[in-house]
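The values are calculated or read from the model by the stated rules, or taken from the named source; none is laboratory data. Bear in mind the structure is a predicted one, so any value in this text is a computation, not a measurement. Neighbour counts run over all protein chains shown; Cβ positions are idealised from the backbone, glycine included. SASA here: full protein model, heavy atoms, side chains in, ligands and nucleic acids out. Shrake-Rupley method; radii C 1.70, N 1.55, O 1.52, S 1.80 Å.
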Amino acid sequence: MMEYDIKEEFLQKKKVSKYKNYIDNGFPKSNQLDFMQVRSIVLIVVNLETYNKCKDNKVKLLILLALTSFNEEGKDTFETEEVIKRINIIAKYFNINSPEIIDNAVYFKPDMNKMKELLQKSMTEIKENKMENVLFKI
């Protein structure tokens, strides 16, 4: 687990409020793509001290989780739009209200009930030919 200096800098320098309106309604929806994105993230781990600084501000917490997930993927540079899309995925499908705290680490995982629902919606999209099958290709 790393220290999150880049994230702290981002949280302090960016004007988050001007992007808040894009969360949940600014991007095209595809259940299959959402499922694949959540599956690629799977688990987000942050330092307890860093979490405690952001836990009372949902927007800052979501930004922290998004930036941490990029960091865990080895991605050091990203656009604001990418962060907003990642925030949207985390807000919709991850359990951010009651993470698991073990030792000095805080673990955020997808809500499995939401994932089951998302998988069902993805299958329905495919069956009704609303979207091309990208999730279940062999």
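Taking the stated definitions as given, is N71 touching a residue at least 40 places away in the same chain (Cβ under 8 Å) and surrounded by fewer than 16 Cβ atoms within 10 Å (Cβ to Cβ)? No, not satisfied. Just one of the numbered conditions (1) surrounded by fewer than 18 Cβ atoms within 10 Å (Cβ to Cβ); (2) at pLDDT 85 or above; (3) outside any helix (DSSP H, G or I) is not true of M2: (2). Taken together, the residues in the range 88-102 that are surrounded by fewer than 13 Cβ atoms within 10 Å (Cβ to Cβ) and in contact (Cβ under 8 Å) with a residue 12 or more places away in the chain amount to 1.
A Cβ distance below 8 Å, combined with a sequence gap of six or more or placement on separate chains, defines the contacts here; from the range 37-66, residues that are in contact (Cβ under 8 Å) with a residue 40 or more places away in the chain reach residues that are open to solvent by less than 30 Å² (accessible area, probe 1.4 Å) and among the small types (G, A, S) in the pairs I41/S69; I44/S69; V45/A105; V46/A105; N47/A105; L48/A105.
For the range 58-76, a tally of residues being of a type outside the set (D, E), in contact with a helix residue (DSSP H, G or I) (Cβ under 9 Å, 6 or more places away or on another chain) and assigned to a loop (DSSP other than H, G, I, E, B) returns 1. Restricting V106, V83 to residues that are at pLDDT below 95 and more than 25 Å from N133 (Cβ to Cβ) narrows the list to V83. Taken over the range 39-87, the residue count meeting the criterion of being of a type in the set (S, T, Y) and under 28 Å from S122 (Cβ atoms) is 4. Within the range 107-138, the set of residues being closer than 29 Å to V46 by Cβ and either part of a loop (DSSP other than H, G, I, E, B) or touching a strand residue (DSSP E or B) at 6+ places or on another chain (Cβ under 8 Å) (or both) comprises Y107, F108, K109, P110, D111, L135.
Tell me which residues, restricted to the range 33-57, are charged (D, E, K, R) and outside any helix (DSSP H, G or I).
The answer is K55, D56.
Only one entry of E117, E132, E125 meets the criterion of being among the acidic types (D, E), more than 14 Å from the chain's Cα centre (by Cα) and surrounded by 15 or more Cβ atoms within 10 Å (Cβ to Cβ), and that entry is E125.
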